[in-house]
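Novice: Quick one: structure below, then a few questions.
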Amino acid sequence: MNPLKRITLGLVAILGLVVDSRASISITIASPNTTSGLIYQSDGTSLNTTGFARVGKITGTIDFSKSAVNWANYQYWNNIFSDVNGSVGQGSTPSTWNFNSSGALSGSATGVSASAFSNGTLLYLWAFNYGSVTAGTYAAGGSFPVFTESDFTSGLVTQWAILQADEWTAPADNLSKSLVINQITPTDTRQIIAGTDVGTGVAMVPEPSTGALMMIGAAGLVALRRLRKV
């Protein structure tokens, strides 16, 4: 082989290794302190420490009408949500996505694929009132705790929040990004897709109660009777 060609191929291989080693990013979640940037239960009380959170991107057009907590809507969001961990993001150390007793969420995912989450990609936070990443296998490129229909019908998953902020974008290769909860604009429905601003943070939305569903059903029957009379 030509010596010059040999050197050229060697340089290409080295450059390839350099690119591969740099083609990853880090994502962290941070609350500025213990009294702001928090996530609460729907009634405004502190979130249980077993709450579960996912960070990722959304592919496709968002249907904002699917914010209510139920199994059908979970399937919808799960299909368009790609995590920074798991098979898409390939991020590691996700076991640190944890809530403390006051509702502050913190943690990090390192080694996230920069090709899957290119610079400027909008990042979303999907938080639940049930589940714990420390109890599941949420490893790089592997699986993570996903919910089943029985988790909803048995009353385990009853609240969630889906949030985004303009500042929450994926960084350039080999850099990191911190998602701060209080960067969310309370009046912007694009940013609080599901949740309620409570001043010091965001409260999750609850699943429709049985009483509320009965009232909706009764209202529907009244409307139907009126239509029949016309």
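Novice: Which order results if PHE64, PHE152 are arranged by neighbouring Cβ count within 10 Å, fewest first?
Specialist: The most exposed by this proxy come first: PHE64, PHE152.
Novice: So, one more: If packing is taken as the average count of other Cβ atoms within 10 Å, what order do 158-164, 105-111 fall into, highest mean first?
Specialist: Packing order, densest peptide first, comes out as 158-164, 105-111.
Novice: Count the net charge of all other residues whose Cβ sits under 15 Å from the Cβ of THR158, scoring Lys and Arg as +1 and Asp and Glu as -1.
Specialist: For residues surrounding THR158, the net value is -4.
Novice: Quote to one decimal, in nm, the extra length available between THR185 and ILE80 on full extension: 0.36 nm per residue of separation minus the C-alpha distance between them.
Specialist: Full-extension gain reported as 35.5 nm.
Computed from the coordinates by the stated procedures, all read-outs in this text should not be read as laboratory data. From a predicted model like this one, the values you see are computed outputs, not experimental measurements. Note: ideal-geometry Cβ built from the backbone for every residue, glycine included; neighbour counts use all protein chains shown.
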